[in-house]
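For reference, the structure discussed in these notes is given below.
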Amino acid sequence: GNARGSLDGVATGFSARGPQQPNYAFGSPRVALQELFKSVSDDPKARTQYQLDRRVLDFIAGNEGSIADSLSGVEKAKVQNYADSVEAIRERNRKIDAMASTIRKHVPQLDAKYLDPAVSTFDRQIGHTEVLLGALISGLTNVVAFTVDELGHRYTGIPGIEGEKVNMHDVGHGKSIGGLDAETIRELARTHHMTLVDRIVKRLKSVPEGNGTMFDNTMVFYFPDGGETHHSHGWEYPFIILSGDKARVDLRRRYIRLPNYGQPGHSTLGNLYTTLLNAYGNPVEHYGALDTGLTRFGHGQTGPIKQFLRV
């Protein structure tokens, strides 16, 4: 979800599939459940809408392809790219239809409170966790980006101050709310986040995969809401990684601290993401923008963090 977009719809998310290509995020468990599992929905209206959407895509695919044939140069390329995108969606839908029996087994069964537009933040996060688990276990996706909050987020449902709308930006500035000091509020939120991580790991460990479990081949990243301070430079960015025994990046069961900014061996988040992509078959030279401030140190910025790659 994206707190600065719609919390009951689809909004621009905080992850990206490429340069200037943001991914989109489901703001509520209800919308996520409806959109991700509509192909096997028990709701007749949802099934009808799904079939109508399919027919619209079929029409567009044929129409755009015909238009592209009559054009040339840049205009032809533009229309062809659009047609190719539509065809990619149709191919995805065909794969989903072929997986219907498996997907149907893993549709999340959410209590009504998680589907309520007025759901509290804590319950919204639980609902999202159940939906993402259903998507992973059913095979709808292998990757999930879950923005539990950010500093502009207004929290509800925090134990002890359930009725308060807590602005996490104010908390970052040390403001006490409802009789709780800022550190306690942030601790309650982060503790709740850890219960979500625990839920994900335990569920994936319960799902057989190959000669082990689904978690054996999984990595879970828990990133902070900021760097070394509330208004940070990003020189420090601590996070937690939970990694299965068969993950292709060697990060398990240890504390890792890389050299400080500008020192030999220093690495950026871009290097970490490049490491992950390279380890899982994408040979990209570097993911993300380069840090111009590092050029004065004369160290290379591109490529993976080689010590994390399994030989």
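Just so you know, all these numbers are worked out from the coordinates, no wet-lab data involved. Here the structure is a predicted model, which means the values were calculated and not measured. Here the Cβ is made from the backbone with ideal geometry for all residues, glycine too, and neighbour counts use every protein chain on show.
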* Structure fact -> Averaging 1/r across every pair of distinct alpha carbons in region 58-141 and inverting yields a Kirkwood hydrodynamic radius, in angstrom, of 15.8 Å
* Once you sort the root eigenvalues of the Cα gyration tensor of region 252-305 as a ≥ b ≥ c, which label holds: rounded (a/c under 1.5), prolate (a/b larger than b/c) or oblate (the other case)? -> oblate
* Structure fact -> With +1 on the Cβ of every Lys and Arg and -1 on the Cβ of every Asp and Glu, the dipole magnitude of region 146-209 about its Cα centre, in debye rounded to the nearest 20, is 260 debye
* Asked: Amide H of Glu164: which non-local residues (sequence gap of 5 or more, or other chain) have their own amide H closer than 5 Å, using H built in the peptide plane?
  -> Gly157
* Based on the mean of other Cβ atoms within 10 Å per residue, sort peptides 263-270, 155-162 so the most packed one is first. => 155-162, 263-270
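Keeping to pairs on different chains or 8 or more places apart, tell me how many lysine pairs in the chain have Cα atoms under 17 Å apart.
Eligible lysine pairs with Cα atoms under 17 Å apart amount to 6.
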* Dipole of region 1-134 [Lys/Arg +1, Asp/Glu -1 at C-beta], most positive-end residue of Leu132, Asn63, Asn81 -> Leu132
* Calculate how large, on average over all directions, the projected area of the Cα convex hull of region 141-216 is; give the answer in nm² to one decimal. => 6.2 nm²
* Structure fact -> Any residue on another chain or 5+ positions along whose placed amide H is under 5 Å from the amide H of Glu209 is listed here as Met214
* To do: Based on alpha-carbon positions alone, could you give the equivalent ellipsoid semi-axes of the chain from the gyration tensor, as √(5λ), descending, whole Å?
  => 34, 29, 22
* Rounded if a/c is under 1.5, else prolate if a/b beats b/c, else oblate: with a ≥ b ≥ c from the C-alpha gyration tensor eigenvalues square-rooted, which is region 1-116? -> oblate
* Once amide H atoms are built 1.01 Å from N in the peptide plane, which residues 5 or more positions from Asn23, or in another chain, come under 5 Å H to H? -> Gly13, Ser15, Ala16, Arg17
* Rounded to whole Hz and in sequence order, give me ³J(HN,Hα) for region 8-15 from the Karplus expression 6.51 cos²θ - 1.76 cosθ + 1.60, θ = phi - 60°, writing x for Gly and Pro. => 10, x, 10, 9, 5, x, 9, 10
* Structure fact -> When the charge dipole of the chain is computed with +1 at the Cβ of Lys and Arg and -1 at the Cβ of Asp and Glu, the Cα pointing farthest to the positive end, of His231, Phe37, Asn211, is that of Asn211
* Estimated FRET transfer efficiency (Gln21, Glu162; beta-carbon r; R0 45 Å; 0.05) -> 0.70
* Once phi is turned into θ = phi - 60°, what whole-Hz ³J(HN,Hα) does the Karplus curve with 6.51, -1.76 and 1.60 give for every residue of region 130-145, x standing for Gly and Pro? -> 5, 5, 5, 5, x, 5, 5, 5, 6, x, 5, 8, 10, 9, 10, 10
* Determine ³J(HN,Hα), in whole Hz, for all residues of region 158-167 in sequence, where each value follows from phi through the Karplus function 6.51 cos²θ - 1.76 cosθ + 1.60 and θ = phi - 60°; x replaces Gly and Pro. => 5, x, x, 9, 4, x, 7, 9, 9, 7
* Asked: At q = 0.09, 0.15 Å⁻¹, what base-10 log of I(q)/I(0) does the Debye formula yield for region 83-188 when every alpha carbon is treated as an equal point scatterer in vacuo?
  -> -0.38, -0.77
* Could you give the distance between the Cα centres of region 22-55 and region 144-220, to the whole Å? -> 26 Å
